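The values are calculated or read from the model by the stated rules, or taken from the named source; none is laboratory data. Fair warning: this is a prediction, and the values are worked out from it, not measured in the lab. Cβ placement follows ideal geometry from the backbone for every residue including glycine, while neighbour counts extend to all protein chains displayed. Protein only, heavy atoms only, side chains kept; ligands, DNA and RNA dropped before computing areas. Shrake-Rupley method; radii C 1.70, N 1.55, O 1.52, S 1.80 Å.
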Amino acid sequence: MRNTAKITTAVLATGALTLGLSACGSDKDTASDTSGPLVVAASPVPHAEILNYVKDNLAKKAGLDLEVKEVTDYVTPNTSTEDGSVGANFFQTKPYLDDFNKKRGTHIVSVVDVHLEPLGLYSDKVDKADDLKNGATVAVPNDTVNEGRALQLLAANGLITLKDGVGTTATPADITENPKNLEFKELEAATTPRSLNDVDAAVVNGNYAIEADLKPAEDALVLESAKGNPNSNLLAVKEGQEDDPRVQKLAELLTSPEVKKFIEDKYAGAVLPSF
C-alpha cells in the first residue's frame, strides 16, 4: 500500500476521483453489471502497474475487459467498492481491510492474495538503526493497521518493546520500553517518504517507498520479513461479488506465472509474490 503526494494533493485527488467514480456509477452500477468492463480502483505503484500489465498482456486473451482507476489514498477504493462505483479494488492488506470494515460499516471481502510490500525503516541521517540518537524522531503511518505494523517492525528490531498481544492495533501508547526515547510523528502514510528531510527516520510502506525511488532491499535500515507475514496485498470486492466471472478471471490472472515473473523482474525484491 503507498504515494508521495502532499496531504492536500491527496485530498483533492480523492475528491476528484470520488466525483469521477460517482459519475461513472450514476447511470449504471459497475459492480452489478457483469456484462461491462471490470473497473478496479488501485494505488498507482505497484498495484496499478501490475493491473496494467494484466490488461496489456493477459486480459484480452482471457476475455476480460479491464479498466484501471488509479487512487492516491487508502479510503476511496473501499468506499467506491462499497457504493458500486467500481467493481473491485487492489491496494490493501487483510488486517487493514478488517479494520476498515469494522470502523466504517462496509462489507468488503478478500478474493485473493497477490503480493507483499515489505514495510521498512528509512533515514537520510543514519546508516544503521542502532545509530539513531537518544530522542530521535521517527515518522510512522497514522492509520491503525500500518501504524501497528510500523511499531511491530521497530519492536522486532529491538528499538522498542510493546505490550504483549497488541499486534497490528499497536499505538505509541502500547510501548513499554523505549531505550532511545524515540519520539513518534504520526503522518498520513503517503507522506512518510517526504518526511525524511524533517525527521531522523521514517517507517514507509513498500509501495510508497518505490514511488519515492527508495529501494527497500538496499535502502531500508530494517525491513519486514516476508516469511509468515499476514500483510499481503489483496484483490477485494463487495460481499456478494466474489463469484462475478470477471473477478474470478482477474484473480486467476493476478496469480499466474506471468504475473509472478513480472513482479520478480520489475521490483527486484521490493515487492514479493504471495502465491
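So the values come out like this:
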item	result
Among (1) at pLDDT 75 or above; (2) among the aliphatic types (A, V, I, L, M); (3) in contact with a helix residue (DSSP H, G or I) (Cβ under 8 Å, 6 or more places away or on another chain), the one test that residue 48 misses	(3)
Residue 272, sole failed condition from (1) free of Cβ contacts under 8 Å to residues at least 40 places away in the same chain; (2) over 20 Å from residue 68 (Cβ atoms)	(1)
Pair list, Cβ < 7 Å and 6+ apart or interchain, from region 208-233 residues that are outside any strand (DSSP E or B) to residues that are of a type in the set (D, E, K, R) and open to solvent by 50 Å² or more (accessible area, probe 1.4 Å)	221/128; 230/94; 232/113
Residue in region 238-259 that is in contact (Cβ under 8 Å) with a residue 40 or more places away in the chain, over 30 Å from residue 85 (Cβ atoms), buried (at least 18 other Cβ atoms within 10 Å of the Cβ) and out of contact with any helix residue (DSSP H, G or I) (no Cβ under 7 Å at 6 or more places or on another chain) present	no
Residue 128, sole failed condition from (1) surrounded by fewer than 23 Cβ atoms within 10 Å (Cβ to Cβ); (2) within 13 Å of the chain's Cα centre (by Cα); (3) not polar (S, T, N, Q)	(2)
Residue within region 153-165 that is under 22 Å from residue 226 (Cβ atoms), over 16 Å from the mean Cα position of the chain (by Cα) and of a type in the set (S, T, N, Q) present	yes
Residue pairs meeting the criteria (Cβ under 7 Å; at least 6 apart or on separate chains; first aliphatic (A, V, I, L, M), in region 53-72; second part of a loop (DSSP other than H, G, I, E, B))	58/256; 66/37; 71/43
Some residue of region 23-43 being part of a helix (DSSP H, G or I), more than 13 Å from the chain's Cα centre (by Cα) and either buried (at least 21 other Cβ atoms within 10 Å of the Cβ) or at pLDDT 75 or above (or both)	no
Selected residue (only one of 106, 79, 72 is part of a loop (DSSP other than H, G, I, E, B) and at pLDDT 95 or above)	106
